[in-house]
Ligand code: GLN
């Protein structure tokens with residue numbers, strides 16, 4: 001496998017002084033109370049290993065947050081594990097349960113760390129395309145991809161890269177597809193708190209028939225604007241958690257202690273932060289989309305997360321990789337091409353992914369450059 005596309009595009013942005021709308025990270029400040037809590041934890045001497053599964057105070061806080069959001073409180077001792085980012089939780093989950101020769105169904109386009117995890121476990125990724133317009137799953141196609149070797153299905157809502165969101169009907173179809181099978185579910189919900197226009201995030205944790213077979217992954221980096229801290233967590237039933245923890249203890253063993261104290265305090269003291277995250281991002285999404293409408297890029301609908309897909313067919317005939325290189329090098333805007341998210345990218349697709357978790361000045365600078373194309 002090569003260097004991942006986010007690293008490649010961020011390097012290109014740095015080299016060429018391009019506005020970085022590619023890699024998904026906010027360029028505005030991390031909440032001050034969180035930073036203060038982290039600094040306080042370090043000053044107070046909380047600088048040694050945390051318990052491998054996470055500090056009890058944070059696992060309790062995660063359980064409470066889950067109850068607050070989804071009406072179900074996982075057992076913090078046996079069902080919640082703190083990891084070094086959502087990516088670690090994904091790798092741990094796959095390594096824990098996928099055996100050589102087993103298959104894992106991925107829905108394309110999908111985030112780039114799923115397939116390497118499956119390959120490292122000795123499994124085989126089976127790719128099923130999402131709808132090319134709406135990025136919704138075609139559950140009949142998913143059903144048709146199931147074989148006796150299928151061990152796991154990976155879902156991701158809100159979806160990276162498209163911003164699509166699974167709805168209650170998707171959940172019903174997923175439940176019926178998995179009923180009477182032994183297939184496990186890996187639900188990547190790192191953008192769980194970012195949905196728009198009143199849409200409800202259909203967490204797998206709301207649905208008993210799904211959560212009893214699922215690893216549900218989240219990320220504090222996305223929720224608290226601190227992707228560089230690399231703290232996430234996994235909620236899974238006790239038997240799955242026990243397996244995940246076996247991998248976790250020899251992967252990272254434990255996660256950065258001071259941040260765990262800081263997140264615990266933040267969840268407890270400022271629940272308005274995660275409850276209001278969609279409302280926080282919605283004006284940014286709306287304004288960025290309105291700005292894009294003034295260019296020759298065509299924005300696709302976004303229902304959740306902080307990525308905007310834009311069709312550039314009116315601007316260039318280049319394929320997306322070549323176009324993104326040209327966009328960064330010649331025009332000073334770094335974006336992410338969509339083809340790396342696919343096993344078989346749709347022929348002729350002309351889409352780039354732009355991240356709108358950015359200061360207004362960053363978005364204005366990008367739009368000023370895109371308007372010239
Ligand atoms: N999750 C981020 C994105 O989609 C990138 C993370 C990374 O660079 N590995 O842009």
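Where a number appears in this text, it was derived from the coordinates with a stated rule and is not lab data. Predicted model only: the values in this text are computed from it and were never measured. All Cβ positions, even for glycine, are placed from backbone atoms using ideal geometry, and neighbour counts span all protein chains on display.
What ranking, highest mean first, results for peptides 32-40, 346-354, 231-239 when packing means the other Cβ atoms within 10 Å averaged over each residue?
On the way: 32-40: 15.6, 346-354: 18.2, 231-239: 22.8.
With the highest mean Cβ count within 10 Å placed first, the list reads 231-239, 346-354, 32-40.
Neighbour counts of other C-beta atoms within 10 Å: give me 44, 92 arranged from fewest to most.
44, 92
What residue among 144, 50, 168 shows peak mean-square fluctuation when the chain is described by a Gaussian network model with Cα springs under 10 Å?
Top of the fluctuation ranking is 144.
At residue 268 and residue 47, where each label point lies 7 Å from the Cα along Cα→Cβ, what is the point-to-point distance in nanometres?
2.3
Please figure out what share of the DSSP beta bridges in the chain is antiparallel and state it in percent, rounded to the nearest 5.
Counting only bridges with both partners in the chain, antiparallel ones make up about 45 percent.
Can you compute the radius of gyration and Dmax for the range 106-176, using only the Cα atoms, both in Å?
For the range 106-176, the Cα radius of gyration and maximum Cα-Cα distance read 12.1, 33 Å.
Report the full-extension gain for the segment residue 279 to residue 329: residue separation times 0.36 nm, less the Cα-Cα distance, to one decimal in nm. Intermediate results must be reported in sequence, preceding the final value.
Values: separation 50, 0.36 × 50 = 18.00 nm, distance 3.43 nm.
Net length gain for the segment: 14.6 nm.
With the Cα gyration tensor of the range 191-262 giving a ≥ b ≥ c as the square roots of its eigenvalues, does the rule (a/c under 1.5 for rounded; else a/b larger than b/c for prolate; else oblate) give rounded, prolate or oblate?
oblate
With all distinct Cα pairs included, what does the Kirkwood hydrodynamic radius of the chain come out to in Å, to one decimal, could you say? Mind dumping the intermediate values first?
Numbers: mean 1/r = 0.0474 Å⁻¹.
Averaging 1/r across every pair of different Cα atoms and inverting gives 21.1 Å.
When you count, for each residue, the other Cβ atoms within 10 Å and take the mean per peptide, how do 291-298, 184-191, 306-313 rank with the highest first? Each step should come with its number before you reach the end.
Values: 291-298: 17.2, 184-191: 25.1, 306-313: 20.8.
Most protected by this proxy first, the peptides run 184-191, 306-313, 291-298.
I'd like the distance separating the alpha-carbon centroids of the range 24-73 and the range 133-148, in whole Å.
Computed from Cα coordinates, the inter-centre distance equals 36 Å.
Using label points projected 7 Å from each Cα along Cα→Cβ, tell me how many nm separate residue 3 and residue 209, to one decimal.
The modelled label-to-label distance comes out at 4.7 nm.
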